[in-house]
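Okay, so here's the structure we're looking at.
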Amino acid sequence: MRASFVFSEVITGLRRNVTMTIAMILTTAISLGMFGGGLLFVRTIDKMKASYLDDVEVTVYLTEDISANDRDCTGEPCASIRQALESNQAVESVVFEDRNEAYERFKRIFEGQPELVELARPEALPASLHVKLFDPARSDVIVQEFSGQAGVANVDDQNKFLDRFFSLLNSGRNGTFIIALIAALAAVLLIANTIQVSAYTRRTEVGIMRLVGATRWYTQLPFLLEAVVAGALGAIIGVGGLITLKYVALDRILEATGGAIPKIELIDVLFPVAPILLGVSMLISAITGYVTLRLYVRH
Amino acid sequence: MIRLDSVSKVYKTSARPALDGVSVDVDKGEFVFLIGPSGSGKSTFLRLLLREEVPTKGRVMVSNFDVAKMARRRIPRLRQTIGCVFQDFRLLANKTVAENVAFALEVIGKPKRTITKVVPEVLELVGLDGKADRMPNELSGGEQQRVAIARAFVNRPLVLLADEPTGNLDPDTSQDIMLLLERINRTGTTVLMATHDHSIVDSMRRRVVELHLGRVIRDDKRGVYGVGR
């Protein structure tokens, strides 16, 4: 196989049908960009889960009666609630926080908003038991068992809030993947069509090649490579688009969340997303090309 | 070199067979005219030899290839032993004369060294030395057909198939092309030429196989076109 021959055929092929080639590359790029965006979504969600779930706790808020009178949770019913929590299999640790400590924490949290701190009084805040679980995802058990017990005002599960938050991110991710899939379908159809057009415009050449006894590889490899090259270019543009998007928009948007959503690092885009996109793109182009040639182009 | 043994070909779209029990034997180095009116089966005959078609019945041998039975992946091998020339030349308009000829070698993976050596030789053989860098549209019809013959012959095929090679040419030019085909035949290449051209067949006095409605109705060692009619 003479590489220079195949290579020059590929270049002429791509140039012969420039508008179609550009459409094919751009559609591929959009599809892959969306797909890459979805992958970054997944990665971000994973990162967030890892960092948040460590800190997730269930807070058992105690009634006004206990908050006012039982300063160290030694009286009933606080002591027995604490006892029950500590002996629970799922619980890693229990920390009692009285309303003064709660007030201190409140002041710390809202340091930046002194007018809010000024309004707050220790008497307005309930005492609570902060429960840390071995497996934060299994907080339901605690919530069910302790809600409504004597001495318990209410049970707050941070996991519930995070669940809602993550399900929002998950639907963002799913939406991205769906659009990527639709764009991918368009890209595949464009690739198939481009190869057909390409094979048609080169039918004289291909006819001569067949007559003089060129092998299937010789006659069809140029078309196949045309698709693969376009796929690779699409992937490169897609990755370029993601990097651009990161610097011009995402960085600023994510910074505005104050670190609630971790920033997307350049390295996340370059690895593993970029090689995945390149590989997926070239593979799909090659398969599309091969199938098209099998179905529509006579050898 | 070429042997058809009770070959029939029926196309799905037609009730009448294109070839009907055709048996023909062509020795190595022979020059054979294949004549007959349109629709007599000449094209099908040639297409069977190239394995563009598979016979419905019978056996087709070209050199050592059992053409109808051979595996698809061996078809390129078969075609590398057969050169083809057509009425419409089928040159690549965007390539020069030399590139057109070289193309036939490039696509079967011949090394560049061989190509640069062989192409000028064959261009000289067909009388086109000095026109290697011309584009096809700068050449006369006869010259274009010479390029096509050079391309068909450059890989030194055992068999040269010519389908109405003079169909688009004036009588003088046709004579020149026939001389060229004769010269190629003298190198030992078997030549099989389908034609309508009475005067050429009559003047050459070579073997004539006449087809009519898919049957061989005449096979003369030294025939003329219109004998007995």
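The values are calculated or read from the model by the stated rules, or taken from the named source; none is laboratory data. On a predicted model such as this, the values are computed, not experimentally measured, just so you know. Heads up, the Cβs are rebuilt from the backbone with ideal geometry, glycines too, and the neighbour counts pull from every protein chain shown.
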Can you spot a residue in the range B:126-137 that is over 21 Å from A:GLY213 (Cα atoms), touching a residue at least 24 places away in the same chain (Cβ under 8 Å) and small (Gly, Ala, Ser)?
yes
Quick check on the range B:106-124: of everything there that is at pLDDT below 95 and within 15 Å of B:PRO157 (Cα to Cα), which residue is nearest to the other protein chains (Cβ to nearest Cβ)?
B:ILE108
Out of all the residues in the range A:290-298, is one or more in contact with a Cys (Cβ under 6 Å, 6 or more places away or on another chain), within 30 Å of B:ALA104 (Cβ to Cβ) and crowded, with 20+ Cβ neighbours inside 10 Å?
no
Working only within the range A:195-251, note down all residues that are among the polar types (S, T, N, Q) and either away from chain B (no Cβ under 14 Å) or over 20 Å from B:ARG151 (Cβ atoms) (or both).
A:GLN196, A:SER198, A:THR201, A:GLN220, A:THR244
Which of the following residues is within 14 Å of another protein chain (Cβ to nearest Cβ), more than 25 Å from B:ARG183 (Cβ to Cβ) and in contact (Cβ under 8 Å) with a residue 12 or more places away in the chain: B:ARG90, B:ARG77?
B:ARG77
Hits in the range A:98-148 (condition: of a type in the set (Gly, Ala, Ser) and either surrounded by 14 or more Cβ atoms within 10 Å (Cβ to Cβ) or closer than 25 Å to A:ASP54 by Cβ (or both))
A:ALA102, A:GLY112, A:ALA120, A:ALA127, A:SER128, A:ALA137, A:SER139, A:SER147
Filter the range B:202-222 for residues that are out of contact with any Asp or Glu (no Cβ under 9 Å at 6 or more places or on another chain) and not hydroxyl-bearing (Ser, Thr, Tyr) and give the result.
B:ASP202, B:ARG205, B:LEU211, B:HIS212, B:LYS221, B:ARG222
Meets criteria (farther than 28 Å from A:ILE25 by Cα, in contact with a Phe, Trp or Tyr (Cβ under 7 Å, 6 or more places away or on another chain) and in the same structural domain as A:ARG105 (by TED's automatic domain parsing)) for A:ALA124
no
A careful count of residues in the range B:77-102 that are farther than 26 Å from B:ILE2 by Cβ and either aromatic (Phe, Trp, Tyr) or in contact with a Phe, Trp or Tyr (Cβ under 8 Å, 6 or more places away or on another chain) (or both) gives 2
From A:ALA186, A:ALA199, which residue is part of a helix (DSSP H, G or I) and closer than 30 Å to B:VAL67 by Cα?
A:ALA199
Would you be able to say whether some residue in the range B:171-192 is aliphatic (A, V, I, L, M), in contact with a Gly (Cβ under 7 Å, 6 or more places away or on another chain), over 22 Å from B:GLY141 (Cβ atoms) and surrounded by 14 or more Cβ atoms within 10 Å (Cβ to Cβ)?
no
Scanning the range B:186-218 residue by residue, those farther than 25 Å from B:PRO171 by Cβ and in a loop (DSSP other than H, G, I, E, B) turn out to be B:THR187, B:GLY188, B:LEU213, B:GLY214
For the range B:106-123, which residues satisfy the criterion of being buried (at least 21 other Cβ atoms within 10 Å of the Cβ) and either touching a His at 6+ places or on another chain (Cβ under 9 Å) or under 13 Å from A:VAL212 (Cβ atoms) (or both)?
B:GLU106, B:VAL107
Across the range A:1-46, which residue is nearest to A:THR201 (Cα to Cα) among those that are within 14 Å of chain B (Cβ to nearest Cβ), surrounded by fewer than 18 Cβ atoms within 10 Å (Cβ to Cβ) and small (Gly, Ala, Ser)?
A:SER8
Of A:LEU211, A:LEU190, A:LEU254, the only residue that is free of Cβ contacts under 8 Å to residues at least 12 places away in the same chain, surrounded by 15 or more Cβ atoms within 10 Å (Cβ to Cβ) and more than 28 Å from B:LYS95 (Cβ to Cβ) is A:LEU254
